Structure formats: C-alpha cells, structure tokens
Amino acid sequence: MHNTIKELETKANEIRKSVIEMLVEAGSGHSAGPLGMADVFTAFYFEILRHDPKNPSWPERDRLVMSNGHINPVLYATMAHAGYFPIEELKTLRKFGSRLQGHPHREFLPALENSSGPLGLGLSQSVGMALALRMDKGISPRLGSGQTTDQYIYAFLSDGEQECGITWEGAMLAGKEKLHNLIAVIDRNNIQIDGFTEDIMPLEPLADKWRAFNWRVIEIDGHNMEEIVGAFNRAKSIFEKPTIIIAHTIPGKGVSFMEKKFEWHGKPPNKEEAVLALNELRMIGDKIMNGK
Amino acid sequence: MINSSQKLNPKLFDKDVEQEPIRAGFGHGLLEAARSDERVVGLCADLTESTKMDVFKKEFPKRFIEIGVAEQNLAAVASGMAAMGKVPFLSSYAVFSPGRNWEQIRTTICYNDRNVKIVGSHAGVSVGPDGGSHQALEDIAIMRALPRMRVLVPCDSIEAKKATEAAAKNDGPIYLRLAREKTPVVTTAETPFEFGKANLLWDSEKPSVAIIACGPMVYNSLVAAKSLAEEGIEVLVLNLHTIKPMDKEAVIEVAKRAGRVVTVEEHQVMGGMGSAVAEVLASNFPVPIEFIGVQDKFGQSGTPTELVEFYGMGVKSIVEVVKKITQRK
C-alpha cells in the first residue's frame, strides 16, 4: 500500500468535511450516501484506481463508471482531493455554469467517464467498456485468448438500483462473457428515498442473487480500509468471472444525527447542522491522529 | 418527370421492378463499413437474422455481441463500447429499440455524446401479419426529439446501404429506420446520397404541389406523381431521407416553387417527418400542408399493401390528397 491505514482514514475524514461544506453551500443534494461511501472512495482513488489526475484522458487508465450519480458530492470531493481540480471549486456544486453539475455530466467535467443520475444505467455501460477492452487487449491467459491487460473497469452501484431490471440484464451479460476485468461495488446502505430497502423492495438475499448470475461476491465492511483495499485486490486475482464487492456501509457515517436515517438520503444540512457535523468530524479526525 | 440527374432505377415504373427489403441494404452496408473500419462492432437483441446483422456476424464473429432479449442493456452496453473507441451498431425491431430503451438512449448515448448507431428495423404498418404490436409508428418522433440524435430513413435497400456507411463515418448518435417488407428499388448505386441533403426525384416545370416523402413511401409518391402528371397535375417529389438535421434549404425551395406541401410517411402524423417539415416551413415559408401518415391509431394484421392502403398511405390516397390540397390557397 502507498498510504498507511491512518493516512487513508484521515483523508476520508477530510473528504467527509468537504462533502458537508459543499452541500451546505449548494443548499440541495444528497448527504447520507456520500458520507457512507467516503471510505470506499478514498481507498479506491488513493490505492486502487490506475489514473493520472493531471492527464485524465490517459488511454491506459482504469475506468470508473458511476451508476449512482446522486452521491456525486463524494465523487467530486475525492477527485478534488486527488488533484483533478482545486478543492475550492467544490463550493460551486449545483450552481449555474459550474463544472460540478447536480448529477455528474461529462460535458461539463470531461474527467468523468460517464454522465449519470438516472439509476440502473452504469453497470451495462461498464459491461460494454469491459467487452471493448477485451476485444482490443484480450483477457487472462488462463482463458487462453491472448494478451493480458492490467486495465480494469469499475462500476459503483447503489443498493436501490438493484431494483432496476436493467441492472440484471447487465449482470447476466457480464456473467455470460466471464468479464474478469470488470469489478463492481454496491453501496449496501439499506436506504433509499422512500425508506429502508427491505421495506420498499426487499433485496435480500442479495449476495445469492449475484452468485446465481455467475459473479464472484465479496462482502466487506465498507468502513474498514484494510477490508476495502483487500477486496479490490482479491477481485483482481479472480480470472473466471466478474466480481462484485458488496460494501456494507452506514448512511451518513461520521455525523451522528445523519447515521442510518433515510430522511437524510436526499437533503443537505442547513448552516447550524453543518456546524454540528463539522465539529463531529473534527473530533473524529483528532481521534484518528491520536490512534483512537 | 423523373429528375434525370438522380440516376434512378430505369425500371422504376415497370411491373417487374426489382424489390428488396430495405433492411437487406443495412446488412450489406454494415459489412462494408466493418471491412473499412475495424472500430465497427455489432450488437443485437436476439434478432440477428431478421435485422440482417447476420451477414456481419458471419464475417466478424469476434466483433459481434449477442445481448439477448434485453434492449435496455443493448443501448447501454453499446454506449460503454463507444466510450472505449468502438463504433457500435445495435439492431432490433424499432418497437423495442428505440421503443423500449428510449431513456437508455437518451442518458447513456445522447447525454453522454457517444458514437452509437441505433438501427430500428420493421418500422411502419408494412410489417404486415405480425400485427400492431410489432409495427413501430412513433420512432421518428421519439428519436428526433433527442438532442444530438440524427435520424435517417432510407427509401430502398440501395439507399439503406449508403445510409449505413454514412452513419459509420459520421461521428455521434444516429438513428437508422428500416422497413421489413420487400420494397421496390427506386435508386441506383449512381444516385447521389449525401447525409443531410434531400434529393429531388421528380421535377416539373410548373408544380402546384410538393410531395415530401421518406422511407418506402417515396416509391408510392413517385407512382402517384406519374399518375397525377397523366392527369395534368404537376408536382415535385422530394426524398427527405435525412429527417434530422433537416435539409431546410431543399424543403423551403420546394415549398416556394409549388406553394403547397404534402408529406408522406409510414409513421404517426403526430411528431413525425411531416411535423418536422411543418416546423421548418411555419417559421420560414408558411404554405398549406397536408400530412399523410397514420392518424393517431395502432396498426393491425394484414398484407403490407392492404395496411398501407387502409391507413391512407397508398398511391390512391396520395393522389386524392394532392388533388384536395390544390384547392387550398
């Protein structure tokens, strides 16, 4: 690993602060999902993803397809902290003329691999990318079809969009094509706009569903840096099928009054709430520095 | 009379004029495009033979992806392949693609600005015995409403081949609309074809009506024009194969020359090619217009000819509407 666990945890905490700061400035947007996925995004961008923030169109880069575009505050915050654009620019979120559109739009921010927002569309696009990559560069020599590639296609999905039919159309095709260069992550935070997923439309047994579609399933604690990094690395050692990492996360993680509350799925903190949230995150930051 | 510069099929008005399904031209065109550009790939949703993608699949099996009955996936997977530099052609029946997967086309192809070609076969009532469920009559409307999408409706198999090759060369989202049935071959390999440029196929010295047609209705319009000429009624026939971007100059020009316009399409009148023509003429050169097409109805089973006539798009109907509009000022 390039970073220590402590460094990654500190970075994730900074990204959470940025998420709160940009949301209160924007006055609208999603809070719970971005806070819940801050650890996964941090580990992913700073340990896993092969990319060059100064040269975003580098052809040999990995691709991240964001399917759940509504959690883009964490995407933008992580990209800013990784060096794609100034952290100050995060405050333009959702404003007229901003590169940081309310849902990701690559016409405004070309460093994004795809525009997104409408749920259910990311997995299929990532399947298409993985198929194209395999046509050009071959797949694992263990399947006997030529060259290998170190390039990976990643898809980040929400749990709510497991309710979309197209998610399973994409899953079926990836299973059929044995796309080992495709690694998907589900943010399993159990909430969606109208309530808890298991009340709205039960998803369980979710891991069994994916196994039945011929995917390798890895379940992790989405707040444990070692587990997150380890899961991606294990996924890369699987050559006969695509892998899905089900990351169990706590929506609103790090801000006590937002945690596990679906009411915080789609709204931002007001000024007072933001002050409280930032105070809590500062205390968490101190704990990380002092070894908990 | 026939515009000789267009080099149309000399046997056009013969009883034994050769006929070929428009979709067959797509099959040949895709093969040519794939031979000259290795980025071209094909995706199909369990209709490879009937959309004529089988020709491509046979020669380029590694560049073909069978998606199964999953048209939403078909569109989004193609978008992903285009993101990696491929030029994907996806084919199905127009009812399913772009019918079923409109939002995937909107978000993952048009909003994302991906170089994907959507091929909707079996459009129009001429699908015949399969019945109304399989006769796409709304696809032009839903495709032309999308920013970045261009819309091509070739009139015969030869034009379909040219349109397919043009689609491969023109970067960005394109919808290609095809018909199932055998259609008289109107054009020849020598007929000029330029993306976005309409062709004046029938010219007259003192036209009183301009017929603007697309797809298989171009043939019916030409037969109607000949019959009208025999009665002393002079018309123009414009083949508007590219509905978007529209050749505004050509449309305004024929409206100016004739003073009246009749549009003919195998599609709902609402939102289709005629609507697009009316949008251009209302703003630039308003003239009386009559719209021939399906009048807010679904199709049904029957032979293609029976259905085209029943829904008012046959030669007799075109002749009647042209006569009717000459009374309008």
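Here, each number is a calculation from the coordinates, and none is a lab measurement. As the structure is a prediction and not an experimental result, all values here were calculated from the model. A quick note on method: Cβ atoms are made from the backbone with ideal geometry, for glycine too, and the neighbour counts reach across all protein chains shown.
Of B:K248/B:K329; A:K241/B:K52; A:K236/B:K117; A:K260/A:K287, which sit over 29 Å apart, Cα to Cα?
A:K241/B:K52; A:K236/B:K117
Short version: ³J(HN,Hα) in whole Hz for each residue of the range B:110-127, in order, from phi by Karplus 6.51 cos²θ - 1.76 cosθ + 1.60 (θ = phi - 60°), x for Gly and Pro, what are they?
Once rounded to whole Hz, the list reads 6, 4, 7, 6, 9, 7, 10, 10, 9, 10, x, 8, 6, 8, x, 6, 5, 3.
Tell me the label-point distance for the pair A:K236, A:L203, using the 7 Å Cα-to-Cβ offset, in nm and rounded to one decimal.
Each label point is offset 7 Å from its Cα along the Cβ direction, giving 2.6 nm.
Give the long-range amide H neighbours of A:A155: residues separated by 5 or more places, or on another chain, with amide H under 5 Å away, using H modelled in the peptide plane at 1.01 Å from N.
A:V65, A:I183, A:A184, A:V185
If the limit is 21 Å between Cα atoms, which of B:K256/B:K323; B:K62/B:K86; A:K54/A:K137; A:K176/B:K169; B:K7/B:K324; B:K58/B:K86 go over it?
Long pairs (Cα-Cα over 21 Å): A:K54/A:K137; A:K176/B:K169; B:K7/B:K324.
Once amide H atoms are built 1.01 Å from N in the peptide plane, which residues 5 or more positions from B:H267, or in another chain, come under 5 Å H to H?
So B:H267 has HN proximity to B:V294.
Compute the helix-to-body angle for B:315-326: its Cα long axis versus the longest principal axis of chain B, expressed 0 to 90° and rounded to tens.
In chain B, helix B:315-326 runs at an angle near 50 degrees to the longest axis.
Within straight cross-link reach of B:K11, meaning Cα distance under 25 Å, which lysines are found once same-chain residues fewer than 8 apart are removed?
Partners found: B:K161, B:K162, B:K182, B:K197, B:K226, B:K316.
Using only Cα atoms and rounding to the nearest 10 degrees, what angle (0 to 90) does helix B:248-258 make with the longest principal axis of chain B?
20 degrees
Between B:V17 and B:E231, what is the FRET efficiency for a Förster distance of 22 Å, r being their Cβ-Cβ separation, to the nearest 0.05? Write out the running numbers ahead of the final one.
Values: r = 22 Å, r/R0 = 1.00.
It comes to 0.50.
Among B:Q19, B:Q104, B:Q268, determine the one that fluctuates most according to a GNM of chain B built with springs between C-alpha atoms less than 10 Å apart.
Among B:Q19, B:Q104, B:Q268, the largest mean-square fluctuation in the Gaussian network model of chain B belongs to B:Q19.
When the chain is fully extended, how far beyond the present Cα-Cα distance does A:K137 get from A:K54, taking 0.36 nm per residue of separation?
27.4 nm
Mind checking the dipole of the range B:19-183: about its Cα centre, +1 per Lys or Arg Cβ, -1 per Asp or Glu Cβ, Debye to the nearest 20?
Charge dipole of the range B:19-183: 360 debye, to the nearest 20.
Just tell me how shielded B:100-107 is by partners: mean number of partner chain Cβ atoms within 10 Å of each residue's Cβ, no decimals. Show your work: numbers first, answer last.
Values: counts 0, 1, 0, 4, 6, 0, 1, 10.
For this peptide, the per-residue mean of nearby foreign Cβ atoms is 3.
Out of residues 5 or more away from A:E219 or on other chains, whose amide H comes under 5 Å of its own, with H placed 1.01 Å from N in the peptide plane?
HN-HN under 5 Å from A:E219: A:I246.
Using a Cα-Cα cut-off of under 23 Å, which lysines could be cross-linked to A:K95, ignoring same-chain neighbours fewer than 8 residues away?
Qualifying lysines at Cα under 23 Å: A:K17, A:K267, A:K271.
To make sure I understand, if each residue's beta carbon is the centre and we count other beta carbons within 10 Å, what order do A:D199, B:D46, A:D39 fall in, fewest to most?
By the 10 Å Cβ count, ascending: A:D199, B:D46, A:D39.
With a 10 Å cut-off between alpha carbons and a GNM built on chain A, which of A:N224, A:N55, A:N190 moves the most?
A:N55
Residue by residue through the range B:43-59, which ³J(HN,Hα) values in whole Hz follow from phi under the Karplus form 6.51 cos²θ - 1.76 cosθ + 1.60 (θ = phi - 60°), with glycine and proline marked x?
Those phi angles translate into 10, 9, 10, 6, 9, 4, 6, 6, 9, 6, 7, 4, 4, 5, 4, 5, 7 Hz.
Using just the helices of chain B, give the 222 nm mean residue ellipticity in deg cm²/dmol: DSSP H runs with n ≥ 4 each add -39,500 (n - 2.57), and the total is spread over all residues, rounded to 500.
-10000 deg cm²/dmol
Compute the Cα gyration tensor for the range B:19-183, then decide on rounded, prolate or oblate, letting a ≥ b ≥ c be the square roots of its eigenvalues: rounded whenever a/c is under 1.5, prolate when a/b is larger than b/c in the other cases, and oblate in all that remain.
The shape class here is rounded.
Add -39500 (n - 2.57) for each DSSP H run of 4 or more in chain A, then divide by its residues: what number comes out at 222 nm, to the nearest 500 deg cm²/dmol?
One gets -12000 deg cm²/dmol as the mean residue ellipticity at 222 nm.
Suppose every Lys and Arg Cβ carries +1 and every Asp and Glu Cβ carries -1, with no other charges. What dipole size does chain A come out with about its Cα centre, to the nearest 20 debye?
600 debye
Using +1 at the C-beta of Lys and Arg and -1 at the C-beta of Asp and Glu, which of B:T48, B:I212, B:C110 has the Cα lying farthest in the positive direction of the dipole of chain B?
Of the candidates, B:C110 comes out farthest on the positive side.
Which ³J(HN,Hα) values, rounded to whole Hz and listed in residue order, are derived for the range B:29-36 from phi using the Karplus coefficients 6.51, -1.76 and 1.60 in 6.51 cos²θ - 1.76 cosθ + 1.60 with θ = phi - 60°, glycine and proline given as x?
The phi angles translate into x, 5, 4, 4, 4, 5, 5, 8 Hz.
When chain B is treated as a GNM, springs tying every alpha-carbon pair under 10 Å, which of B:E181, B:E231, B:E71 comes out with the largest mean-square fluctuation?
Fluctuation is largest for B:E231.
Subtracting the Cα-Cα distance from 0.36 nm times the residue separation, let me have the gained length for B:M270 to B:K169 in nm, one decimal.
Working it through step by step, the gained length comes to 33.3 nm.
Got the relative contact order for chain B handy, in percent, Cα pairs under 8 Å and 6 or more residues apart?
After rounding, I find 19 percent.
Give the range of the longest stretch in chain A that excludes all GluC sites (Glu not before Pro) found in loop regions by DSSP and having at most 16 other beta-carbon atoms within 10 Å.
A:108-239
Round to the nearest 10 and give me the degree value, 0 to 90, for the angle of helix A:271-289's Cα axis relative to the longest principal axis of chain A.
That works out to roughly 70 degrees.
Give me A:C164, B:C44, B:C155 sorted ascending by neighbouring Cβ count inside 10 Å, so fewest comes first.
With the fewest neighbours first, A:C164, B:C44, B:C155 line up as A:C164, B:C44, B:C155.
Evaluate the Debye formula for the range A:96-237 with equal point scatterers sitting on the alpha carbons, no solvent, and hand back log10 of I(q)/I(0) at q = 0.14, 0.20 Å⁻¹, in q order, two decimals.
-0.77, -1.36
If R₀ is 35 angstrom, what is the calculated FRET efficiency for the pair B:T303 and B:T188, using the beta carbon separation as r and rounding to 0.05?
The formula returns an efficiency of 0.80 here.
Can you compute the modelled spin-label distance between A:E7 and A:E219, with each label point 7 Å from Cα toward Cβ, in nm?
Calculated label separation equals 3.3 nm.
With only Lys, Arg, Asp and Glu charged, each at its Cβ (+1 for the first two, -1 for the last two), find how big the charge dipole of the protein assembly as shown is about the Cα centre; round to the nearest 20 debye.
Working: 72 positive and 79 negative charges, 175 e Å.
For this selection, approximately 840 debye.
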